[in-house]
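Notes follow the structure.
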Amino acid sequence: MRVLVVEDEVRLADALRRGLQEEGFVVDVAATGPAGLELARRGGYDAMILDVMLPGLSGYRVVRQLRAERNWLPVLILSAKDGEYDQADGLDCGADDYLTKPFSYVVLLARLRALLRRGAPQRPAVLTAGDLSLDPARRRVTRADAEVALTAREYALLEYLMRRAGEVVSKIELLDHVWDASVDTAPNAVEVYIGYLRRKVGRDRLETIRGAGYRLVP
Ligand code: CA
């Protein structure tokens, strides 16, 4: 899952980036309203965490502009204000959820998870495919009721494929949503990790579609 963080407080932005990366998210950070808007317009994100008080363009105006352009990227607003009118402003401008600073990191993660679920409305909270089950809230994967131990990268790859179960997902798309483009990634990283996953979740669960990508069998 690729998340865009728009936050001008450098320390908070760094903390969010590190925390989310540890959870297996791919994270891009923008420090101004216009830079955030530009990245969101380019697409490829599964959610955006957006500060209100930003240089150049407020968070509210960024969401308003995106919605006016019929861009429905799920948005979680972060704000230092805490009046009920401010919350209403945040939601009225088209944001999906609202969190007041200072916030609990655990709550932020839970809200983000809920947002990602809503972004794909037909998908249940726990993803399943055959005897395989993945619970994003607990970051727990089981196969035939036995726990499967995965590294953070393996988990992120499996979660992305399970959210797209039945669809062919290209290598480029996997690199984009599971690997951080700013980090050097070996060209065969996807194949290597698909190999690791196959050993853990079953060879038949992950099909290679020659010349197109991979498909998780639902
Ligand atoms: Ca700010």
(request) Tally the residues that are in contact with a helix residue (DSSP H, G or I) (Cβ under 9 Å, 6 or more places away or on another chain) and exposed (fewer than 15 other Cβ atoms within 10 Å of the Cβ), restricting the search to region 1-33. (result) 3
(request) Search region 87-113 for residues that are at positive phi and pair each with any residue that is hydrophobic (A, V, I, L, M, F, W, C) when their beta-carbon atoms are under 8 Å apart and the residues are at least 6 apart or on different chains. (result) GLY94/VAL63; GLY94/LEU66; GLY94/VAL75
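One line per residue, one yes/no per condition, for (1) of a type in the set (S, T, N, Q); (2) in the same structural domain as PHE25 (by TED's automatic domain parsing); (3) modelled with pLDDT of 90 or more:
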{"position": "LEU76", "(1), (2), (3)": "no, yes, yes"}
{"position": "ASP82", "(1), (2), (3)": "no, yes, no"}
{"position": "THR100", "(1), (2), (3)": "yes, yes, no"}
{"position": "SER104", "(1), (2), (3)": "yes, yes, yes"}
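Being farther than 26 Å from VAL178 by Cβ and either within 16 Å of the ligand (Cβ to nearest atom) or touching a residue at least 60 places away in the same chain (Cβ under 8 Å) (or both) is true for just one of GLU23, GLU69, GLU9. Which residue is that? Spell out the reasoning first.
Details: GLU23 fails: farther than 26 Å from VAL178 by Cβ; GLU69 fails: either within 16 Å of the ligand (Cβ to nearest atom) or touching a residue at least 60 places away in the same chain (Cβ under 8 Å) (or both).
Residue meeting the stated conditions: GLU9.
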(request) With respect to VAL190, determine if the residue is under 20 Å from the mean Cα position of the chain (by Cα) and closer than 23 Å to ARG42 by Cα. (result) no
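The values are calculated or read from the model by the stated rules, or taken from the named source; none is laboratory data. Fair warning: this is a prediction, and the values are worked out from it, not measured in the lab. Reconstructed Cβ throughout: ideal geometry from the backbone, glycine too, with neighbour counts over all protein chains shown.
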